[in-house]
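Remarks on the structure that follows.
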Number of protein chains: 2
Amino acid sequence: MSDILQDPGTDGAATDSVTSRIERICVEKGLRMTEPRRVIARVLSSTDDHPDAEELYERVKVIDSSISMATIYRTMKLFEEVSIVSKRDFGDGRARYEKVSGPEDHHHHMIDVESGEVLEFYNQELEDLKIRIAKDLGFKLVDHHLELFGVRISEKKH
Amino acid sequence: MSDILQDPGTDGAATDSVTSRIERICVEKGLRMTEPRRVIARVLSSTDDHPDAEELYERVKVIDSSISMATIYRTMKLFEEVSIVSKRDFGDGRARYEKVSGPEDHHHHMIDVESGEVLEFYNQELEDLKIRIAKDLGFKLVDHHLELFGVRISEKKH
DNA sequence: TTACATGCAAAATATTTGCGTAGGA
DNA sequence: TCCTACGCAAATATTTTGCATGTAA
């Protein structure tokens with residue numbers, strides 16, 4: 001159920017002295033950099049999974065226990081508006097947040113219904129097809145959600 | 001925001017004397033047919049949109065005002081388990097329910113982000129592609145959610 | 001200085017559940 | 001009759017918000 005990855009190559013949010021990538025994006029976007037935002041930005045920077053508000057709150061509290069849940073929600077809303085994160089729904093009752101690295105990072109999710117494990121995938125054919133479908137219906141696509149739910153094929157069928 | 005359609009040809013849930021299609025399915029599946037279930041089944045039968053629990057509750061209350069919200073939720077859960085309805089998420093905070101007519105009725109949603117209007121579509125290429133993607137990832141597809149969010153292309157661009 | 005972000009706690013929403021009763025098979 | 005579904009209200013779970021205070025620019 002947990003799939004945290006570190007990406008020390010492009011980021012480095014583990015150290016306090018370094019400005020995290022998302023912190024830099026906040027500055028670029030002209031957001032006021034408060035201490036809670038800085039901490040949340042760092043937590044997101046060093047994250048490659050899909051935490052819900054509660055999980056983010058836990059991770060953030062380790063660094064600064066004075067940060068409140070309300071700030072998590074308010075910051076996620078703000079970060080979503082400026083495309084720093086995107087909100088996801090994996091069918092359980094809560095929102096998940098995922099950092100957006102850029103258009104090149106676009107992907108979808110394959111969810112293992114037995115273990116809850118989430119795989120990410122990208123498929124160019126699918127991207128093209130979605131744009132085409134929307135266009136045929138008379139729409140310009142602004143967003144889309146695609147989640148596949150499946151069970152692992154045990155081994156090769158012999 | 002409302003897109004109720006009637007299908008008197010295949011159903012006929014408007015009259016009290018007739019058993020609705022979903023009522024018949026309930027019986028086939030061996031469900032105990034209580035009065036609330038009968039009413040909810042009829043409401044669903046005469047519906048072709050995607051009501052949330054509140055909307056269903058309103059429609060059901062018109063027929064029998066003694067039916068409670070708890071029963072709406074309990075019945076939706078039951079109906080989902082036996083594939084009479086499927087639960088959908090259109091990005092606002094609540095679940096929507098949609099009757100399932102059968103595999104031949106499978107479709108997805110194109111949501112107009114400006115008006116909230118929901119169009120349904122089906123695309124065979126997309127179906128094939130999803131199965132193929134899941135297979136490539138080592139999964140057998142058991143379910144999937146696809147929602148496209150877009151804005152209407154005003155007129156032809158000239 | 002001053003506008004805006006924060007913490008706190010209460011509110012709003014959506015959904016679920018315990019319990020005693022009613023009703024279908 | 002007997003088991004299950006029901007209504008009611010209270011409980012949960014998630015997210016939002018009003019208000020007084022704190023803080024970045």
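Please treat every number below as a calculation from the coordinates, not as lab data. Source: prediction; values computed, not measured. Neighbour counts are summed over all protein chains in view; Cβ atoms, including those assigned to glycine, are modelled from backbone coordinates with ideal geometry.
Data overview
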{"read-out": "Ascending count of other beta-carbon atoms within 10 Å, so fewest first, for B:Lys77, A:Lys61", "value": "B:Lys77, A:Lys61"}
{"read-out": "Average other protein chain Cβ within 10 Å of Cβ, residues A:22-30", "value": "0"}
{"read-out": "Rounded to whole Hz, the Karplus (6.51, -1.76, 1.60) HN-Hα couplings of region A:64-73, x for glycine and proline", "value": "8, 6, 7, 6, 9, 4, 4, 5, 4, 4"}
{"read-out": "Entries in A:Lys87/A:Lys140; B:Lys29/B:Lys99; B:Lys77/B:Lys135 that, when Cα-Cα distance is taken, lie over 23 Å", "value": "B:Lys77/B:Lys135"}
{"read-out": "Simple spin-label estimate for A:Asp128 and B:Lys61 in nanometres, 7 Å along Cα-Cβ", "value": "5.2"}
{"read-out": "Virtual spin-label span in nm between A:Ile153 and A:Ser83, 7 Å along Cα→Cβ", "value": "3.7"}
{"read-out": "Three-way shape call for region B:63-158 based on the alpha-carbon gyration tensor, with the a/c threshold at 1.5", "value": "oblate"}
